[in-house]
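Accompanying notes for the structure given below.
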Amino acid sequence: MKTNLITTIALTIALNFANAQDMGNAQYEKKGNADYGNGAYGNGGYTINRVNTIQTTSSSQDEMVLTIKGIYNERATAQIATFAVLQLGKTAEEATNLIDERIGNVMKELALFNKEIVVETDMISFVPTYDYAVDKKIFNPKTYNEKPSGFELKKNILIKFRNNNDFDKILSICGKNEIYDIAKVDYVTTNFDQVRSAMQRKALEVFKDQMANYSLIMNTDLNKKEKILQEGFNVTYPMESYRSYQAFSQANANFDPKSEVNVIKKNTTQYYNQALVKDHNFVMNPDITEPTIQAFYDITIRIKLKEDQLPKNTIIRNNRYYIITAAGDIKLLNL
C-alpha cells in the first residue's frame with residue numbers, strides 16, 4: 001500500500017511538471033493561468049481567463065470603417081553572416097600576413113565545401129598601438145615619448161549562403177581559424193514585390209467577403225457607396241524579433257541537514273518571438289517554423305453611409321453679378 005502511494009505521488013508530480021513544460025519556461029512565472037493545477041499555484045485561488053475581442057470594424061450614421069490586416073511569413077532567399085576578425089602584430093607586415101592567412105584559409109575551405117557560398121571582406125581599421133619609453137636628453141634628465149609597440153588590424157568577413165543548414169559548417173570552419181565573433185546575421189529576400197502583390201490580393205478577397213456580409217446585415221448595397229482608403233506596408237526582420245530570456249532555476253533542495261544548499265546559476269539567452277496573429281485577418285505561410293522575414297499589410301476603408309442632400313456635380317454660387325443698362329435699368333447676369 002505504501003509503495004502504491006509513493007508511485008501515485010511520483011506520477012502526479014511528473015504529470016504536473018510535464019504540463020508546465022508544454023508552455024515553455026519563458027511563461028513559467030506567469031501563475032494563475034487555468035492550465036496550471038493546484039488551484040492556480042502561487043496565486044491564492046482559481047481565476048478565469050477573460051479575453052476581450054479586438055475591434056476591426058466601426059460604424060456611425062455617417063460612415064463605416066473597415067480595417068483589414070495581414071501577415072506574410074517569407075523565407076529568406078539568402079543569409080549574410082558577418083564575422084569580426086582582430087589581428088595583432090609587432091609590425092604592420094606581420095599583422096597583415098597573419099590576418100590574410102586566416103581569412104584565406106576560410107575562403108579555401110568554404111569553396112571546397114560549397115561553391116555557392118560567397119565570401120567578401122570589409123576593411124575596418126588599421127592602427128598602431130603605443131607604449132611609453134624613457135628617453136634621456138641633455139637639458140631634461142627624463143622625458144616619456146610614445147613608441148609604437150605593435151599594430152592592430154580589424155576586418156569583417158561577410159559570408160553569403162542560401163541553405164540554412166550550411167551555417168553549422170561555416171561556424172566550424174571559422175572557429176578552426178580562430179574566428180569566433182559573429183557580429184550579425186542579415187536575412188535577404190528578393191521577393192518583396194511578389195509578397196506585397198499577394199497580400200493585396202488576399203486583402204481584396206477578405207474585403208469582398210466583408211462587404212457581402214455587412215450589406216446583408218445592414219440591408220443596403222455598400223458596394224455602391226463612396227469609399228476612401230488608406231494602405232500601409234512594413235517589414236520586420238528576425239534580428240528585430242529576438243527577446244531576452246532567463247532560465248527559471250532555484251536552490252537545489254536537499255533534505256539532509258548536514259548537506260549544503262547549492263545555488264544553480266540562471267542561464268540568460270534569447271529566443272525568436274514572432275508577431276502574434278490574433279489581431280490580423282489573415283496569415284500567409286503560417287506553418288513555417290524557422291525565423292522568417294515578416295511582412296505586414298493593412299488597409300483601412302471608410303465607407304460613406306449618409307448621402308448628400310444635393311445631387312452630385314452641383315455648384316453652389318454665392319456671388320451674384322448685375323449690369324446697369326444705358327437706360328438705367330439693373331439686370332441680373334446669369335453666369
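The values are calculated or read from the model by the stated rules, or taken from the named source; none is laboratory data. Please read these numbers as outputs of a predicted model, since none were measured by experiment. Cβ sites come from the backbone with ideal geometry, for glycine too, and all protein chains shown count toward neighbours. Only protein heavy atoms, including side chains, enter the accessible area calculation; ligands, DNA and RNA are left aside. Shrake-Rupley method; radii C 1.70, N 1.55, O 1.52, S 1.80 Å.
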Against the definition (open to solvent by 60 Å² or more (accessible area, probe 1.4 Å), within 19 Å of Arg75 (Cβ to Cβ) and free of Cβ contacts under 8 Å to residues at least 24 places away in the same chain), how does Asp193 come out, yes or no? yes
Can you find even one residue in segment 266-275 that is open to solvent by 60 Å² or more (accessible area, probe 1.4 Å), at negative phi, in a loop (DSSP other than H, G, I, E, B) and modelled with pLDDT under 85? yes
For segment 283-305, check the following and say yes or no: at least one residue is under 27 Å from the mean Cα position of the chain (by Cα), part of a loop (DSSP other than H, G, I, E, B), under 24 Å from Gln210 (Cα atoms) and modelled with pLDDT of 85 or more. yes
Flag for Asp279 being in a loop (DSSP other than H, G, I, E, B) and at pLDDT 80 or above: yes
Given the options Val51, Val85, name the one that is closer than 30 Å to Thr129 by Cα and modelled with pLDDT of 65 or more. Val85
Working only within segment 70-96, note down all residues that are open to solvent by less than 40 Å² (accessible area, probe 1.4 Å) and free of Cβ contacts under 8 Å to residues at least 12 places away in the same chain. none
If I ask for residues that are acidic (Asp, Glu) and surrounded by 14 or more Cβ atoms within 10 Å (Cβ to Cβ), which ones from segment 97-110 would you list? Asp100, Glu109
Give the residue that is nearest to the chain's Cα centre (by Cα), with candidates limited to residues of segment 243-252 that are at pLDDT below 85 and open to solvent by 80 Å² or more (accessible area, probe 1.4 Å). Gln246
Would segment 171-187 turn up any residue that is within 28 Å of Asp298 (Cβ to Cβ) and of a type in the set (Gly, Ala, Ser)? no
For segment 146-181, what are the residues that are loosely packed, with under 15 Cβ neighbours inside 10 Å and β-branched (Val, Ile, Thr)? none
Tell me which residues, restricted to segment 111-126, are open to solvent by less than 60 Å² (accessible area, probe 1.4 Å) and in contact with a strand residue (DSSP E or B) (Cβ under 6 Å, 6 or more places away or on another chain). Ile117, Val119, Ser125
If I ask for residues that are out of contact with any helix residue (DSSP H, G or I) (no Cβ under 6 Å at 6 or more places or on another chain) and either among the aromatic types (Phe, Trp, Tyr) or in a strand (DSSP E or B) (or both), which ones from segment 160-194 would you list? Lys160, Phe161, Phe167, Tyr180, Asp181, Ile182, Ala183, Lys184, Val185, Asp186, Val188, Phe192
From the list Thr96, Thr67, which one is at pLDDT 90 or above, within 24 Å of the chain's Cα centre (by Cα) and of a type in the set (Val, Ile, Thr)? Thr67
Some residue of segment 181-191 being modelled with pLDDT of 90 or more and over 20 Å from the mean Cα position of the chain (by Cα): yes
